[in-house]
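**Q** Before I ask anything, let me first share the structure, which is written out below as structure tokens.
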Amino acid sequence: MGVPHREKKMTQTQLLTETEVAELMKISPRTLQHWRVAGGGPAYMKFGHNVRYSRETIEAWMRQRTLRHT
């Protein structure tokens, strides 16, 4: 019996660490920590004390913040 579609999709999701997201976004890990406390940052997951971000969620969050003018 195979893995249900929903579970298969979740296992294929690339999870990134706080450091990897900070490097991708060219910001400090401390900024991500602040956003988690204050709100307004990208959605994240916690596994015990470990924080992870879905690459898909991070990319969508960055696209939503693309501006054409100020």
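**Q** Could you give me the ³J(HN,Hα) list for the range 31-42, computed from phi with Karplus coefficients 6.51, -1.76, 1.60 and θ = phi - 60°, whole Hz, x at Gly and Pro?
**A** Here the 3J(HN,Hα) series is 4, 4, 4, 4, 4, 5, 6, 7, x, x, x, x Hz.
**Q** Tally Lys and Arg at +1 and Asp and Glu at -1 over the other residues with C-beta under 13 Å from the C-beta of Trp35: what net charge comes out? Working shown, then result.
**A** Values: positive: Arg30, Arg36, Arg65; negative: Glu18.
Residues near Trp35 contribute +2 overall.
Read-outs throughout are calculated quantities, based only on the coordinates presented, and are distinct from any laboratory measurement. Since we're looking at a predicted model, the values are computed, not measured. Glycine gets a Cβ as well: all are built from the backbone with ideal geometry, and neighbour counts include every protein chain shown.
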